[in-house]
Amino acid sequence: MRILSVLCALLLLMLQGVTGLSLARGSHQDCERRGGFCSHLSCPPGISRVGLCSEQEFCCRMRWYP
């Protein structure tokens, strides 16, 4: 039973990693849908990079801490 719980945990971690990678690269619409904006070559200071819009544009979004 212990092995089964470890395998389930590993499977969940792998699925989270796959979905995270699929969100990293997208389009302008994907970026805006996630609450961000596309910026050429880099994000402005204080704004974090959350993905890619194209090869030379980053999806940037201000982080909100509750």
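The values are calculated or read from the model by the stated rules, or taken from the named source; none is laboratory data. Treat the numbers as computed from the prediction; the structure is a model and nothing was measured. Neighbour counts are summed over all protein chains in view; Cβ atoms, including those assigned to glycine, are modelled from backbone coordinates with ideal geometry. In case anyone asks, the SASA skips ligands and DNA or RNA and just uses the protein heavy atoms, side chains included. Shrake-Rupley method; radii C 1.70, N 1.55, O 1.52, S 1.80 Å.
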>> Being in a strand (DSSP E or B) and open to solvent by less than 40 Å² (accessible area, probe 1.4 Å) is the filter here; which residues of the stretch 41-57 pass it?
In response: 48, 50, 51
> When both residues are 6+ apart or on different chains and their Cβ atoms are under 8 Å apart, which pairs have a first residue that lies in the stretch 17-36 and is surrounded by 12 or more Cβ atoms within 10 Å (Cβ to Cβ), and a second that is in a helix (DSSP H, G or I) and at pLDDT 90 or above?
Replying inline: 23/30
